[in-house]
Amino acid sequence: MNYRIDLGEMESHAGRINEIGGRINTAVGAGSSAENSEAFGLLGIPLAAICFGAQHMAMNVLKEAAQAATDHHKRVLAWRDDVKNNEETQRDRFKVED
């Protein structure tokens, strides 16, 4: 088996994950601002009551997605650092002294 881990690709992947996490957090913020029963005016209070259960479930899913994105981002960066450190260690092991 032959493989090569590209640190640039790992960095790019971490950046995309971070961007997706930002979008999820924007959705969480938008959902949180609409949790107020008067968010849609006094006439919207009955509608807010009807939608509360679905909104609560959706907010829980969004919060879990945000946590997963953050965790994945941290793990990719940690993996990238491990690969970089390992490559440097192996390179130094075979370094020819002048």
Original post:
Angle between the Cα long axis of helix 45-93 and the longest principal axis of the chain, 0 to 90 degrees, nearest 10?
Top reply: 10 degrees
Subject >> GNM top mover of Gly21, Gly31, Gly53 - the chain, alpha-carbon springs below 10 Å >> reply: Gly53
Subject >> Additional length obtainable on full extension of the chain from Arg4 to Phe40, 0.36 nm per residue less Cα span >> reply: 7.6 nm
Original post:
Taking the chain as a Gaussian network, Cα atoms linked when under 10 Å apart, which of Ala66, Ala49, Ala78 shows the biggest mean-square fluctuation?
Top reply: Ala49
**OP:** Over the chain, average the accessible area per residue using a 1.4 Å probe and give it in Å², no decimals.
**Re:** 80 Å²
Original post:
Quick one, what does Rg over Rh come out to for the stretch 47-98 if you take C-alpha atoms and the Kirkwood Rh?
Top reply: 1.54
Original post:
Which residue, Gly29, Gly15, Gly44, tops the fluctuation ranking in a GNM of the chain built on C-alpha contacts under 10 Å?
Top reply: Gly44
Original post:
Three principal axis extents, largest first, for the C-alpha atoms of the chain, in Å?
Top reply: 81, 27, 14
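The values are calculated or read from the model by the stated rules, or taken from the named source; none is laboratory data. Given the structure is predicted, the values throughout are model-derived calculations rather than measurements. Side chains included, ligands, DNA and RNA excluded: accessible areas come from the protein's heavy atoms. Shrake-Rupley method; radii C 1.70, N 1.55, O 1.52, S 1.80 Å.
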